[in-house]
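Structure record follows, encoded as C-alpha coordinates.
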Amino acid sequence: MRLRNIPRADGVLQAHPIVVKEEKEQKGKWAEVFGNHNPIHIEIGMGKGQFILSLAKRNPEINYIGVERYSSVLLRAVEKYNEMCGQKPLIEDVTDTEQLRIWEEIPNVRFICMDAADITEVFEPGEIQKIYLNFSDPWPKKRHARRRLTSKEFFGRYEKVLPAEGVVEFKTDNTELFQFSLDEVAEAGWALRAHTWDLHHDEVMNVGNVMTEYEEKFSSMGNPIHKLIATK
(Lines give C-alpha, C1' and ligand atoms only; values in the text may rest on other atoms or scores of the structure.)
Protein backbone atom coordinates (compact mmCIF):
# COMPACT_ATOMS: atom_id res chain seq x y z
CA MET A 1 0.00 0.00 0.00
CA ARG A 2 1.35 3.37 -1.00
CA LEU A 3 1.41 5.87 1.83
CA ARG A 4 0.25 9.41 1.17
CA ASN A 5 2.98 11.89 1.96
CA ILE A 6 1.87 14.59 4.38
CA PRO A 7 3.64 17.93 3.92
CA ARG A 8 5.54 19.19 6.97
CA ALA A 9 5.18 15.85 8.80
CA ASP A 10 8.91 15.67 9.48
CA GLY A 11 8.91 19.20 10.86
CA VAL A 12 6.04 18.45 13.23
CA LEU A 13 7.71 15.29 14.53
CA GLN A 14 11.03 17.03 14.97
CA ALA A 15 9.41 19.78 17.04
CA HIS A 16 7.11 17.69 19.21
CA PRO A 17 8.55 16.61 22.60
CA ILE A 18 6.74 13.27 22.68
CA VAL A 19 8.82 12.13 19.70
CA VAL A 20 12.30 11.05 20.75
CA LYS A 21 15.03 12.25 18.42
CA GLU A 22 18.50 10.61 18.18
CA GLU A 23 16.98 7.51 19.73
CA LYS A 24 20.20 5.48 19.49
CA GLU A 25 21.82 7.88 21.95
CA GLN A 26 19.20 6.84 24.54
CA LYS A 27 20.30 3.20 24.57
CA GLY A 28 20.61 2.17 28.21
CA LYS A 29 19.17 5.53 29.32
CA TRP A 30 15.42 5.08 28.84
CA ALA A 31 14.78 5.29 32.58
CA GLU A 32 16.27 8.78 32.41
CA VAL A 33 14.03 9.68 29.47
CA PHE A 34 10.94 8.80 31.51
CA GLY A 35 12.35 9.97 34.83
CA ASN A 36 11.57 6.69 36.58
CA HIS A 37 12.42 2.99 36.60
CA ASN A 38 8.99 1.68 35.70
CA PRO A 39 8.76 -1.26 33.26
CA ILE A 40 8.92 -0.33 29.59
CA HIS A 41 6.64 -1.86 26.94
CA ILE A 42 6.96 -1.09 23.25
CA GLU A 43 4.63 -1.40 20.28
CA ILE A 44 6.33 -1.96 16.94
CA GLY A 45 4.31 -0.66 14.00
CA MET A 46 2.06 1.50 16.17
CA GLY A 47 0.09 3.03 13.32
CA LYS A 48 -2.20 5.85 14.43
CA GLY A 49 -1.53 5.23 18.11
CA GLN A 50 -4.93 4.30 19.52
CA PHE A 51 -3.70 1.05 21.10
CA ILE A 52 -0.60 2.32 22.86
CA LEU A 53 -2.18 5.57 24.02
CA SER A 54 -5.12 3.67 25.50
CA LEU A 55 -2.70 1.37 27.34
CA ALA A 56 -0.69 4.33 28.62
CA LYS A 57 -3.78 6.02 30.07
CA ARG A 58 -4.96 2.74 31.61
CA ASN A 59 -1.58 1.80 33.12
CA PRO A 60 0.29 4.87 34.46
CA GLU A 61 2.77 2.60 36.27
CA ILE A 62 4.15 1.35 32.93
CA ASN A 63 6.15 3.34 30.38
CA TYR A 64 5.25 2.89 26.71
CA ILE A 65 7.22 3.52 23.54
CA GLY A 66 5.54 3.46 20.14
CA VAL A 67 7.76 2.62 17.17
CA GLU A 68 6.62 3.60 13.67
CA ARG A 69 8.70 3.62 10.52
CA TYR A 70 6.74 6.13 8.45
CA SER A 71 6.60 9.79 9.46
CA SER A 72 3.24 10.38 7.77
CA VAL A 73 1.72 7.59 9.89
CA LEU A 74 3.45 8.69 13.08
CA LEU A 75 2.06 12.17 12.56
CA ARG A 76 -1.43 10.74 12.97
CA ALA A 77 -0.39 9.19 16.30
CA VAL A 78 0.94 12.57 17.46
CA GLU A 79 -2.39 14.14 16.51
CA LYS A 80 -4.22 11.37 18.38
CA TYR A 81 -2.05 12.11 21.42
CA ASN A 82 -2.90 15.80 21.20
CA GLU A 83 -6.59 14.98 20.87
CA MET A 84 -6.56 12.72 23.93
CA CYS A 85 -4.82 15.47 25.87
CA GLY A 86 -7.42 18.04 24.83
CA GLN A 87 -5.14 19.85 22.40
CA LYS A 88 -5.81 20.92 18.83
CA PRO A 89 -3.96 19.10 15.99
CA LEU A 90 -0.42 20.23 15.29
CA ILE A 91 -0.43 19.79 11.53
CA GLU A 92 -1.28 23.45 10.85
CA ASP A 93 0.38 24.93 13.93
CA VAL A 94 3.98 23.80 14.15
CA THR A 95 5.16 27.09 15.61
CA ASP A 96 2.75 27.20 18.55
CA THR A 97 5.26 26.59 21.34
CA GLU A 98 2.51 26.23 23.95
CA GLN A 99 1.54 22.97 22.25
CA LEU A 100 5.11 21.69 22.27
CA ARG A 101 5.21 20.70 25.92
CA ILE A 102 4.66 17.21 27.33
CA TRP A 103 1.17 17.33 28.73
CA GLU A 104 0.68 15.82 32.16
CA GLU A 105 -2.32 13.76 31.11
CA ILE A 106 -0.19 11.01 29.49
CA PRO A 107 3.40 11.42 30.74
CA ASN A 108 4.32 7.73 30.34
CA VAL A 109 4.48 7.48 26.55
CA ARG A 110 7.03 8.37 23.87
CA PHE A 111 7.18 7.83 20.10
CA ILE A 112 10.11 6.93 17.84
CA CYS A 113 10.27 7.14 14.03
CA MET A 114 12.60 4.28 13.09
CA ASP A 115 12.94 0.91 11.38
CA ALA A 116 12.12 -2.00 13.70
CA ALA A 117 15.21 -3.84 12.50
CA ASP A 118 17.30 -1.34 14.49
CA ILE A 119 15.84 -2.07 17.94
CA THR A 120 19.05 -3.68 19.21
CA GLU A 121 20.80 -0.37 18.53
CA VAL A 122 18.22 1.53 20.58
CA PHE A 123 17.65 -0.71 23.62
CA GLU A 124 20.03 -2.51 25.96
CA PRO A 125 19.48 -6.20 26.82
CA GLY A 126 16.58 -6.42 29.27
CA GLU A 127 15.74 -2.72 28.96
CA ILE A 128 12.18 -3.45 27.83
CA GLN A 129 9.82 -6.07 29.24
CA LYS A 130 7.14 -6.57 26.59
CA ILE A 131 6.70 -6.09 22.84
CA TYR A 132 3.34 -5.64 21.12
CA LEU A 133 2.91 -6.41 17.42
CA ASN A 134 -0.49 -5.47 16.00
CA PHE A 135 -1.68 -6.12 12.44
CA SER A 136 1.83 -6.08 11.07
CA ASP A 137 2.60 -5.94 7.35
CA PRO A 138 2.22 -9.57 6.13
CA TRP A 139 4.90 -9.28 3.43
CA PRO A 140 3.05 -12.00 1.47
CA LYS A 141 5.87 -12.96 -0.93
CA LYS A 142 8.01 -15.83 0.36
CA ARG A 143 11.24 -14.04 -0.50
CA HIS A 144 10.23 -11.30 1.93
CA ALA A 145 9.50 -13.63 4.86
CA ARG A 146 12.53 -12.38 6.82
CA ARG A 147 10.96 -8.92 6.91
CA ARG A 148 7.87 -10.11 8.77
CA LEU A 149 7.90 -8.88 12.36
CA THR A 150 7.13 -12.41 13.57
CA SER A 151 9.93 -14.09 11.61
CA LYS A 152 12.60 -16.02 13.49
CA GLU A 153 15.03 -13.28 12.49
CA PHE A 154 12.97 -10.69 14.34
CA PHE A 155 12.42 -13.00 17.30
CA GLY A 156 16.22 -13.14 17.46
CA ARG A 157 16.29 -9.35 17.74
CA TYR A 158 13.57 -9.35 20.39
CA GLU A 159 15.57 -11.85 22.42
CA LYS A 160 18.45 -9.38 22.59
CA VAL A 161 16.41 -6.58 24.16
CA LEU A 162 14.00 -8.49 26.42
CA PRO A 163 14.79 -10.02 29.82
CA ALA A 164 14.61 -13.77 30.43
CA GLU A 165 10.87 -13.58 31.10
CA GLY A 166 10.20 -11.17 28.22
CA VAL A 167 6.91 -11.38 26.31
CA VAL A 168 5.80 -10.78 22.73
CA GLU A 169 2.09 -10.37 21.98
CA PHE A 170 0.88 -10.47 18.38
CA LYS A 171 -2.56 -9.82 16.84
CA THR A 172 -3.64 -10.11 13.21
CA ASP A 173 -6.61 -11.00 11.03
CA ASN A 174 -4.32 -12.58 8.41
CA THR A 175 -4.66 -16.37 8.71
CA GLU A 176 -1.58 -17.19 6.66
CA LEU A 177 0.59 -14.77 8.61
CA PHE A 178 -0.73 -16.13 11.90
CA GLN A 179 0.10 -19.73 10.98
CA PHE A 180 3.54 -18.58 9.83
CA SER A 181 4.00 -16.80 13.17
CA LEU A 182 3.03 -19.86 15.19
CA ASP A 183 5.61 -21.88 13.28
CA GLU A 184 8.28 -19.21 13.70
CA VAL A 185 7.80 -19.07 17.48
CA ALA A 186 8.85 -22.70 17.68
CA GLU A 187 11.57 -22.29 15.04
CA ALA A 188 13.08 -19.40 17.01
CA GLY A 189 13.18 -21.52 20.18
CA TRP A 190 10.52 -19.49 21.97
CA ALA A 191 7.63 -20.87 24.02
CA LEU A 192 4.02 -20.37 22.96
CA ARG A 193 2.24 -19.33 26.15
CA ALA A 194 -1.23 -18.98 24.61
CA HIS A 195 -2.98 -18.47 21.29
CA THR A 196 -6.44 -18.16 19.80
CA TRP A 197 -7.85 -18.03 16.29
CA ASP A 198 -10.87 -15.97 17.38
CA LEU A 199 -9.87 -13.50 20.08
CA HIS A 200 -13.18 -11.70 20.47
CA HIS A 201 -14.96 -15.00 21.21
CA ASP A 202 -12.27 -16.30 23.54
CA GLU A 203 -13.52 -15.64 27.07
CA VAL A 204 -10.05 -15.94 28.58
CA MET A 205 -7.75 -14.17 26.12
CA ASN A 206 -10.19 -11.36 25.34
CA VAL A 207 -10.25 -10.13 28.95
CA GLY A 208 -8.85 -6.58 29.01
CA ASN A 209 -8.28 -6.54 25.26
CA VAL A 210 -7.52 -3.08 23.85
CA MET A 211 -8.45 -2.75 20.19
CA THR A 212 -6.44 -0.99 17.52
CA GLU A 213 -7.99 1.01 14.70
CA TYR A 214 -7.42 -1.91 12.33
CA GLU A 215 -8.93 -4.36 14.80
CA GLU A 216 -12.12 -2.33 15.03
CA LYS A 217 -12.31 -2.16 11.24
CA PHE A 218 -11.56 -5.81 10.52
CA SER A 219 -13.72 -7.26 13.28
CA SER A 220 -16.66 -5.09 12.17
CA MET A 221 -16.32 -6.78 8.76
CA GLY A 222 -16.71 -10.17 10.43
CA ASN A 223 -13.04 -11.11 10.31
CA PRO A 224 -11.89 -13.20 13.29
CA ILE A 225 -8.89 -11.74 15.12
CA HIS A 226 -5.99 -14.07 15.91
CA LYS A 227 -3.65 -13.60 18.84
CA LEU A 228 -0.58 -15.29 20.27
CA ILE A 229 1.55 -14.70 23.35
CA ALA A 230 5.14 -15.95 23.25
CA THR A 231 7.90 -15.93 25.84
CA LYS A 232 11.65 -16.44 25.62
Report the gain in length on full extension from residue 176 to residue 193: 0.36 nm times residue separation, minus Cα-Cα distance, nm rounded to one decimal. 4.1 nm
Carbon and sulfur: what percent of the stretch 121-232's accessible surface (1.4 Å probe)? 50
Which pairs in the list 57/141; 29/171; 21/142; 57/142; 160/217 are over 32 Å apart, alpha-carbon to alpha-carbon? 57/141; 21/142; 57/142; 160/217
Roll a 1.4 Å probe over the protein heavy atoms and report the accessible area of residue 169 in Å², nearest 10. 30
Could you pull the accessible area for residue 10 with a 1.4 Å probe, rounded to 10 Å²? 100
How much of the DSSP bridge set in the chain is antiparallel, in percent, rounded to the nearest 5? 35
Under a plain spin-label model, where a point goes 7 Å from the Cα along Cα-to-Cβ, how far apart in nm are residue 206 and residue 38? 2.9
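Kirkwood-based Rg over Rh for the chain (C-alpha set), two decimals?
Values: Rg = 17.3 Å, Rh = 18.2 Å.
The Rg/Rh ratio comes out at 0.95.
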How much of residue 197 can a 1.4 Å solvent probe reach, expressed as accessible area in Å² and rounded to 10? 100
Rounded to the nearest 0.05, what FRET efficiency do residue 22 and residue 120 give with R0 = 25 Å and r taken as the Cβ-Cβ distance? Could you check? 0.90
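Ordered by packing density, taken as the mean number of other Cβ atoms within 10 Å over each peptide's residues, highest first, how do 12-18, 214-220 rank?
Numbers: 12-18: 18.6, 214-220: 15.4.
Packing order, densest peptide first, comes out as 12-18, 214-220.
The values are calculated or read from the model by the stated rules, or taken from the named source; none is laboratory data. Small disclaimer: the values here were computed from a predicted structure and weren't measured. Positions of Cβ are generated from backbone atoms using ideal geometry, with glycine treated the same way; all protein chains shown enter the neighbour counts. Only protein heavy atoms, including side chains, enter the accessible area calculation; ligands, DNA and RNA are left aside. Shrake-Rupley method; radii C 1.70, N 1.55, O 1.52, S 1.80 Å.
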